[in-house]
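Q: Here you go, one structure.
The values are calculated or read from the model by the stated rules, or taken from the named source; none is laboratory data. Predicted model only: the values in this text are computed from it and were never measured. Because the Cβ atoms are built from the backbone with ideal geometry, glycine has one as well, and the counts that use them run over all protein chains shown.
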Amino acid sequence: MGNGSQIKKADLIDKSMRLIKESHIEKIWQAGIRRDSLNYHTTVMYPPLKAMSRITEQQIYSDFQNRCKDFTLYVHIPFCSGKCTFCYFYQIEKPTNEKITNYLDAIKKEIKITKKRITDQLGSIKIKSIFFGGGSPTALSKTQFEDLINTIKQQFNISEKTEITVEIHPEIMKYNGRSLLESYFSSKVNRLNIGIQSFNDNLLKITNRRHTAEEGIETFEMAREIGFHNINIDLLYPLPDLTPEIWEETLNTAFDLKPESITTYFTAIRKSSSIYRLFQKYPARFPNEYMNHLFRIMTIEKAKDKGYDHRQLTDWFVKPRDDFHYNHQKSEARRTEEIQLLSFGSGAFTYLNHFQFYTYPNIKKYCEMLKDGKLPIWRGIRLTKEERLARAMVLGIKSGDISISEIEKRFSKDSIKKYNPLLKNLEGLGLLEMRNGSIRLSEKGMLFADEVSVQFITENIRNKLSGNNDCLESERDLIESYNFMYDINGLSFLQ
Ligand SMILES: C[S@@+](CC[C@H](N)C(=O)[O-])C[C@H]1O[C@@H](n2cnc3c(N)ncnc32)[C@H](O)[C@@H]1O
Ligand code: SF4
């Protein structure tokens, strides 16, 4: 057992089961607030893709209403060495070098055109953070990555205080791991996000992760040795054949490494992933709703025991400390309404000038459009003031808490009033707490942050999700398979 732990081995499962019994979870389940992999939706955007329509570059880039100069950047690298069975994200397996080169040429073009369009409107802007995600950014060679990050540095003002994260796939330990990690470090990347998922070799094998538990540990230790002081570990549950004992082992190993934070993702099982077919054939291999709840309680108890805070957006456990990363992440979470998110790459979404939009999730189309000097905008929506308020509520609740005075200042004096019946309902179920001028998820509410936050979707968006939108018939399948956010069918509303 790791240092300073108060929980003895085997006690964690017993204690978590006892806590579930005492919590009367059935009351919340009966109200329709529940979580299962087939309907699970993660709430990191508002509204979801299905509520978006065709939109043009001119609509987005003329007459900037959102004058906020604080930006976060996301760079999407959709390449992987294989396909994990649970993955439903847009990704391309085993790309040729030519495909990667063409893509990088296109993304550099997108960065330059977008930067010009934005600075024409806002003047110089501040970059608070950059996240290279995927797919697997580690699929790029050292030279390809350096070329890409240098383009970003030439275009934008990046300071020592800009948080720069790269998502790392532990399979790099089989190939060029050290040289890649060293190159990130010298390129001033100051945060790594390691996709560990599990420290159990059998689970890694059956989900086709292409790395072992040992390689996950090695990646972490090598990153530390090279000098990375901010490392997040991603874990994923439920997976087929996962038991409480295996999950406890995974938690023990993860916390014993002492990362700055750990994110535990709840697996969404979507039709486009091969785990879906496995689920259809052998449902008994998948943990049931109670088990999944148990895994989450175990995680929370373990994190508490190790001195990590529970934050939202995802189930994110962070070790409190006094550095700019910690403070940055704390303050950003509160400012989701005005802060602008600029994403580059195929199949990424942006929030800019009160528009939320996607680029084409198809690299051929994406590259062709940029070759012609056009931004590869696919579908989007302009958020009215009412929708921006809903977005602030949805993402604010998901982040953990909302300041009522901030919402009233930004929108109107009565903006919270219309939510009173819903707020009372959620408070009655013990999911929300309203005190000292803030609305926050209770400890119980944190367990259902996604399900509680979507309660604040407007009627207008619910209608768009349930009805036929303007999608072209030829794009219906693409939208279905790419709609990785919530869909009305999977949601249960309290009112
Ligand atoms: C899009 S993936 C990219 C990370 C990287 N390619 C990797 O696998 O290490 C980001 C994170 O999403 C999570 N994830 C993947 N598939 C998921 C699913 N079906 N449901 C929920 N989370 C998932 C995983 O924990 C993963 O680390
Ligand atoms: S989970 Fe990550 S590595 Fe696996 S297929 Fe999806 S994006 Fe690629």
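Q: What residue, of Thr165, Thr138, Thr143, is within 23 Å of Lys115 (Cβ to Cβ), in a helix (DSSP H, G or I) and polar (S, T, N, Q)?
A: So the residue among Thr165, Thr138, Thr143 that is within 23 Å of Lys115 (Cβ to Cβ), in a helix (DSSP H, G or I) and polar (S, T, N, Q) is Thr143.
Q: Scan segment 78-100 for residues that are touching a Gly at 6+ places or on another chain (Cβ under 8 Å) and within 9 Å of ligand 1 (Cβ to nearest atom) and jot them down.
A: Cys80, Phe89, Gln91, listed by residue number.
Q: Sticking with this one: Within segment 420-431, count every residue that is closer than 17 Å to Gln30 by Cα and either touching a residue at least 12 places away in the same chain (Cβ under 8 Å) or among the polar types (S, T, N, Q) (or both).
A: 6
Q: From the list Phe71, Phe89, Phe64, exactly one residue is under 17 Å from Gly134 (Cβ atoms) and either out of contact with any helix residue (DSSP H, G or I) (no Cβ under 9 Å at 6 or more places or on another chain) or not basic (Lys, Arg) (or both). Which is it?
A: Of the residues listed, the single one that is under 17 Å from Gly134 (Cβ atoms) and either out of contact with any helix residue (DSSP H, G or I) (no Cβ under 9 Å at 6 or more places or on another chain) or not basic (Lys, Arg) (or both) is Phe89.
Q: Which number in (1) of a type in the set (A, V, I, L, M, F, W, C); (2) over 30 Å from Ala284 (Cα atoms); (3) within 23 Å of the chain's Cα centre (by Cα) marks the one condition that Leu242 misses?
A: (2)
Q: Assess whether Arg224 counts as being of a type outside the set (Gly, Ala, Ser), more than 15 Å from ligand 2 (Cβ to nearest atom), at pLDDT 95 or above and on the phi < 0 side of the Ramachandran plot.
A: yes
Q: Now for a separate question. In segment 264-278, which residue that is touching a helix residue (DSSP H, G or I) at 6+ places or on another chain (Cβ under 8 Å) and aliphatic (A, V, I, L, M) is surrounded by the most Cβ atoms within 10 Å (Cβ to Cβ)?
A: Ranking the qualifying residues of segment 264-278, first place goes to Ile269.
Q: Report the residue count in segment 386-440 for those that are in a strand (DSSP E or B) and surrounded by 18 or more Cβ atoms within 10 Å (Cβ to Cβ). Working first, answer last.
A: We begin by selecting, within segment 386-440, every residue in a strand (DSSP E or B); these are 401-403, 432-435, 438-440.
With the extra rule that they be surrounded by 18 or more Cβ atoms within 10 Å (Cβ to Cβ), the set shrinks to 402, 432, 439-440.
Of the residues in segment 386-440, 4 are in a strand (DSSP E or B) and surrounded by 18 or more Cβ atoms within 10 Å (Cβ to Cβ).
Q: Ok, one more. Among the residues of segment 211-232, which ones are part of a strand (DSSP E or B) and β-branched (Val, Ile, Thr)?
A: Within segment 211-232, Ile231 is the sole residue that qualifies.
Q: Within segment 270-286, is even one residue under 30 Å from Leu478 (Cα atoms), modelled with pLDDT under 95, within 16 Å of ligand 2 (Cβ to nearest atom) and touching an Asp or Glu at 6+ places or on another chain (Cβ under 9 Å)?
A: Within segment 270-286, one or more residues are under 30 Å from Leu478 (Cα atoms), modelled with pLDDT under 95, within 16 Å of ligand 2 (Cβ to nearest atom) and touching an Asp or Glu at 6+ places or on another chain (Cβ under 9 Å).
Q: Restricting to segment 188-210, what's the tally of residues that are in a loop (DSSP other than H, G, I, E, B), surrounded by fewer than 22 Cβ atoms within 10 Å (Cβ to Cβ) and within 12 Å of ligand 2 (Cβ to nearest atom)?
A: Qualifying residue count for the region: 2.
Q: Among the candidates Tyr103, Tyr90, which residue alone is of a type in the set (Ser, Thr, Tyr), within 16 Å of ligand 2 (Cβ to nearest atom) and closer than 24 Å to Ala268 by Cβ?
A: Within the list Tyr103, Tyr90, the selection yields Tyr90.
Q: Residues Asp147, Asp201: which one is closer than 30 Å to Phe286 by Cβ and either hydrophobic (A, V, I, L, M, F, W, C) or over 22 Å from the mean Cα position of the chain (by Cα) (or both)?
A: Asp201
Q: Condition first: in a strand (DSSP E or B) and either at pLDDT 95 or above or among the aliphatic types (A, V, I, L, M) (or both). Now tell me which residues in segment 94-132 satisfy that.
A: Listed by number, the residues that qualify are Ile127, Ile130, Phe132.
Q: For Ala51, work out the one condition from (1) closer than 14 Å to Phe344 by Cα; (2) surrounded by 20 or more Cβ atoms within 10 Å (Cβ to Cβ); (3) more than 12 Å from ligand 1 (Cβ to nearest atom) it doesn't fulfil.
A: (1)
Q: Still on this structure, I have one more. Got at least one residue in segment 233-242 being in contact with a strand residue (DSSP E or B) (Cβ under 9 Å, 6 or more places away or on another chain) and in a helix (DSSP H, G or I)? Lay out the reasoning, then the answer.
A: Taking segment 233-242 as the starting set, the residues that turn out to be in contact with a strand residue (DSSP E or B) (Cβ under 9 Å, 6 or more places away or on another chain) are 233-239.
Still in the list and also in a helix (DSSP H, G or I): none.
Taking every residue of segment 233-242 in turn, none turns out to be in contact with a strand residue (DSSP E or B) (Cβ under 9 Å, 6 or more places away or on another chain) and in a helix (DSSP H, G or I).
Q: State which residue pairs qualify: first residue on the phi > 0 side of the Ramachandran plot and inside segment 249-271, second residue assigned to a loop (DSSP other than H, G, I, E, B) and surrounded by 19 or more Cβ atoms within 10 Å (Cβ to Cβ) in any location, beta carbons under 9 Å apart, and separation of 6 or more residues or different chains.
A: Close Cβ pairs (under 9 Å, with a partner that is assigned to a loop (DSSP other than H, G, I, E, B) and surrounded by 19 or more Cβ atoms within 10 Å (Cβ to Cβ)) amount to Lys258/Lys306.
Q: Report every pair of residues separated by at least 6 positions or lying on different chains whose Cβ atoms are under 6 Å apart, first residue within segment 185-213 and without any contact (Cβ under 8 Å) to a residue 24 or more places away in the chain and under 21 Å from Ala139 (Cβ atoms), second in a loop (DSSP other than H, G, I, E, B) and of a type outside the set (D, E, K, R).
A: Hits for this filter: Leu204/Ser198.
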